[in-house]
Amino acid sequence: MNILICNVGSTSLKYQLFKMDEFETVLASGGAERVGASKSVFYHKNNKTGESVRFDDSFPTHGEAISAMLNHLLNGCISSMEEISCVGFKVVHAKGVTGVQYLTEDVLQAMADFNSVAPAHNPPYIAAIRQFAELMPNTPLIGSFETAFHAQMPPEAYLYPIPLELSKQHAIRRYGFHGASLEYLSTWTAQKMGRQDLKLVCCHLGGSGSLCAVKNGISIDTTMGMGLQCGVLQNNRIGDMDPYIIFHLVEECGMELQEVKTMLQTKSGLYGMSGFVSNDLRDIQKAADAGNTDCQNAVKAYSYGIKKYIGAYTAAMGGVDAIVFGGGIGRNSAPVRAQSLEGLECLGVKLDTNKNRNAKGGDDISAGDSRVRIFVVDTNEEIIVARKAKALLEQQ
Ligand code: ADP
């Protein structure tokens with residue numbers, strides 16, 4: 001069974017074609033960047049032959065990028081579209097829908113109902129899924145919702161302190177996201193430690209990031225909320241913030257509500273705090289190292305937020321056995337890991353600075369006498385989605 005997993009960004013498409021046998025081989029992978037811009041880029045690798053290509057093209061919408069992907073897959077990876085059993089997507093959010101689902105019109109409508117709380121994620125996904133349905137009318141499209149991993153959170157973790165009637169009427173609660181990555185990080189760690197009865201703080205830190213308290217394999221709390229605009233700082237989106245700042249900006253400072261919304265979604269987080277130096281932590285770290293105090297404060301605030309949640313989740317679980325870092329920042333930023341864990345010796349957390357500096361995916365970077373293990377993991381969201389899609393197809 002071959003399963004194509006597609007990751008849709010607002011201006012990008014990434015894909016991997018898996019052969020879902022016991023080895024879960026990646027047959028091909030690739031993607032498109034700058035979709036919608038005047039010049040787009042396409043890249044593709046056929047793992048059977050080792051051949052890879054990268055070239056400029058024009059992709060006004062995701063549709064053209066999807067066509068380019070299918071042409072390249074049909075040229076040497078598969079001989080017909082029938083060899084693709086389904087296309088799987090790591091979909092983000094839908095009102096009243098979670099788990100693993102066939103992406104019917106009803107499910108797409110439920111996703112659209114939550115566009116307001118997932119504005120950077122849902123609209124591009126819905127548009128791209130419709131284009132997939134047109135270009136691959138006979139192939140099942142399956143979505144694995146990022147919220148599913150958090151479905152067993154207890155009420156004290158998911159309820160918001162607003163009138164209960166409103167919460168019930170409008171499905172307002174903490175949902176949590178990054179489920180595929182958090183599931184990968186927690187199952188990887190359980191396997192590595194040879195135990196299921198673990199208290200883990202899993203940190204998925206990418207352009208968008210969240211922490212999760214995973215107790216005995218179950219998410220009991222997480223930093224993302226009803227939407228993806230809270231918790232630790234995001235690359236250009238807001239993290240935790242007093243909601244009354246919004247009213248102050250509108251009522252006292254002359255900003256329009258829409259302007260505030262755009263600011264919170266695109267000009268906040270690390271980007272806003274750095275004084276618009278960049279929304280990429282690599283650039284911000286470089287400027288911080290060169291003495292830019294705004295960038296230094298942005299990195300400090302980011303790491304401080306992570307540290308606070310590690311403490312909070314240790315309290316929520318009554319202890320912690322391991323802290324797990326994944327995602328582009330979690331995997332690659334030794335300074336963020338070091339600053340986030342600084343001073344946590346009181347919880348039994350002791351980092352080996354040398355191991356941290358040279359960490360690769362799969363490494364334990366805790367000191368020999370640390371009670372709590374600290375792991376750096378190459379997360380693999382795609383394989384989690386592929387396994388879930390396969391299981392759904394096999395239910396038929
Ligand atoms: P996304 O959430 O967009 O899927 P990733 O998990 O790929 O993102 O993470 C992307 C982020 O990882 C980039 O914004 C960048 O800030 C960060 N990153 C990647 N490599 C490094 C590095 N060596 N040091 C610090 N940050 C890094």
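The values are calculated or read from the model by the stated rules, or taken from the named source; none is laboratory data. All figures in this text were calculated on a predicted structure; none of them were measured in a lab. Methodologically, a virtual Cβ is constructed for each residue, glycine included, from the backbone with ideal geometry; neighbour enumeration extends over all protein chains shown.
Of all the numbered requirements in (1) within 21 Å of Q339 (Cα to Cα); (2) away from the ligand (no atom under 12 Å from the Cβ); (3) of a type in the set (V, I, T), I284 misses one, and that requirement is (2).
Within the range 267-278, is there a residue that is over 24 Å from V201 (Cα atoms), buried (at least 16 other Cβ atoms within 10 Å of the Cβ), within 16 Å of the ligand (Cβ to nearest atom) and in contact (Cβ under 8 Å) with a residue 40 or more places away in the chain? Among the residues of the range 267-278, at least one is over 24 Å from V201 (Cα atoms), buried (at least 16 other Cβ atoms within 10 Å of the Cβ), within 16 Å of the ligand (Cβ to nearest atom) and in contact (Cβ under 8 Å) with a residue 40 or more places away in the chain, which makes the answer yes.
Before we move on, is R130 among the basic types (K, R) and over 29 Å from E64 (Cβ atoms)? Taking the combined requirement at face value, the residue does not satisfy it.
A count restricted to the range 73-106 and to residues that are crowded, with 20+ Cβ neighbours inside 10 Å and in a helix (DSSP H, G or I) stands at 1. The sole residue among V299, V232, V201, V214 that is crowded, with 22+ Cβ neighbours inside 10 Å, closer than 25 Å to F375 by Cα and either touching a Pro at 6+ places or on another chain (Cβ under 9 Å) or without any contact (Cβ under 8 Å) to a residue 12 or more places away in the chain (or both) is V299. A single member of V260, V250, V277 is closer than 23 Å to S10 by Cα, assigned to a helix (DSSP H, G or I) and either modelled with pLDDT under 95 or more than 21 Å from the chain's Cα centre (by Cα) (or both), and it is V260. If you go through the range 185-223 and keep only what is assigned to a loop (DSSP other than H, G, I, E, B), more than 16 Å from the ligand (Cβ to nearest atom) and either in contact with a Leu (Cβ under 9 Å, 6 or more places away or on another chain) or under 17 Å from E156 (Cβ atoms) (or both), you end up with N216, G217. Taking the range 167-184 as the range and being in a loop (DSSP other than H, G, I, E, B), more than 16 Å from the ligand (Cβ to nearest atom) and surrounded by 16 or more Cβ atoms within 10 Å (Cβ to Cβ) as the test, the residues that pass are I172, R173, R174, Y175. Residue-level check: of (1) surrounded by 14 or more Cβ atoms within 10 Å (Cβ to Cβ); (2) at pLDDT below 95; (3) under 17 Å from K390 (Cα atoms), E22 misses just (1). Within the range 1-19, being touching a Ser or Thr at 6+ places or on another chain (Cβ under 8 Å) and in a loop (DSSP other than H, G, I, E, B) holds for one residue alone: M1. Within the range 25-46, being surrounded by fewer than 18 Cβ atoms within 10 Å (Cβ to Cβ), farther than 14 Å from A68 by Cα and modelled with pLDDT of 95 or more holds for T25, V26. I need the full set of residues from the range 2-19 which are more than 25 Å from N115 (Cα to Cα) and either β-branched (V, I, T) or modelled with pLDDT under 95 (or both), in order please. Hit for the range 2-19 is I3, nothing else.
Taking the conditions (1) within 29 Å of V372 (Cα to Cα); (2) away from the ligand (no atom under 14 Å from the Cβ); (3) in contact with a Cys (Cβ under 8 Å, 6 or more places away or on another chain) in turn, G305 satisfies each one other than (3). Entry remark, the range 291-300: residues being within 15 Å of the ligand (Cβ to nearest atom) and either under 18 Å from G209 (Cα atoms) or not in a helix (DSSP H, G or I) (or both) number 3 in total. None of G319, G330, G326 is more than 16 Å from the ligand (Cβ to nearest atom) and closer than 23 Å to N216 by Cβ except G319.
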